Amino acid sequence: MRKFPDRPVVGVGAVVVDGDRVLLAKRANEPLKGEWSLPGGAVEIGETLEAAVAREVLEETGLTIAVGPVIEVLDRIHTAGDRIEFHYVIVDYLCWPTGPGEPGETVEPVANSDAEEVRWAAPGDLGEFRLTDKATSVIQKGFALIKAGATRPR
């Protein structure tokens with residue numbers, strides 16, 4: 001069980017970039033239920049980090065992705081009174097959609113599993129989604145990596 005854990009849970013997050021927009025998911029479950037964030041979730045036993053982020057994005061949005069470099073590793077800790085309710089160590093990756101057609105072709109996500117809603121957003125519109133400061137920072141770092149030359153893996 002992930003609630004009130006004995007130890008941190010390893011999770012992954014995806015900054016999925018399609019041109020000048022990023023993919024956001026409105027969480028269907030805790031933590032952050034009802035809030036916009038990056039697609040992602042917990043790593044399953046025996047699963048690599050890259051496989052986990054690809055699986056989570058596919059489960060939540062229906063999109064297949066190419067997984068690029070790590071953007072950041074961070075802690076997400078939520079307390080309930082004096083107890084730790086959730087503690088995730090999250091590895092956020094820069095990612096690109098790979099289907100259904102050629103790179104640059106418009107890809108429309110569909111909310112599945114842990115997402116109430118999914119939507120593409122321009123970096124200038126992120127304030128409308130009331131993301132956490134950390135999520136906004138990770139997205140900005142992802143776009144900075146692209147500006148510095150990061151490209152979609154083949």
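The values are calculated or read from the model by the stated rules, or taken from the named source; none is laboratory data. Because the structure is predicted, anything quoted here is derived from the model rather than measured. Positions of Cβ are backbone-derived with ideal geometry, glycine not excepted, and every protein chain shown enters the neighbour counts.
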task = Would you confirm whether any residue within the range 93-108 is at pLDDT below 95 and under 21 Å from Val9 (Cβ atoms)?
result = no
message = surrounded by 13 or more Cβ atoms within 10 Å (Cβ to Cβ), farther than 30 Å from Phe4 by Cβ and within 13 Å of the chain's Cα centre (by Cα): is that true of Leu63 in this structure?
response = yes
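Conditions tested, residue by residue: (1) surrounded by fewer than 14 Cβ atoms within 10 Å (Cβ to Cβ); (2) in contact with a helix residue (DSSP H, G or I) (Cβ under 7 Å, 6 or more places away or on another chain); (3) polar (S, T, N, Q).
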site	(1), (2), (3)
Arg7	yes, no, no
Glu35	no, no, no
Val53	no, no, no
Val67	no, yes, no
message = Within the range 45-64, does at least one residue satisfy the condition of being modelled with pLDDT of 95 or more and farther than 20 Å from Leu94 by Cβ?
response = yes
query = Which one is modelled with the highest pLDDT, of the residues in the range 114-152 that are part of a loop (DSSP other than H, G, I, E, B) and surrounded by 14 or more Cβ atoms within 10 Å (Cβ to Cβ)?
reply = Leu131
Count of residues meeting criterion [in contact with a Lys or Arg (Cβ under 8 Å, 6 or more places away or on another chain) and in contact (Cβ under 8 Å) with a residue 60 or more places away in the chain] in the range 27-61 = 5
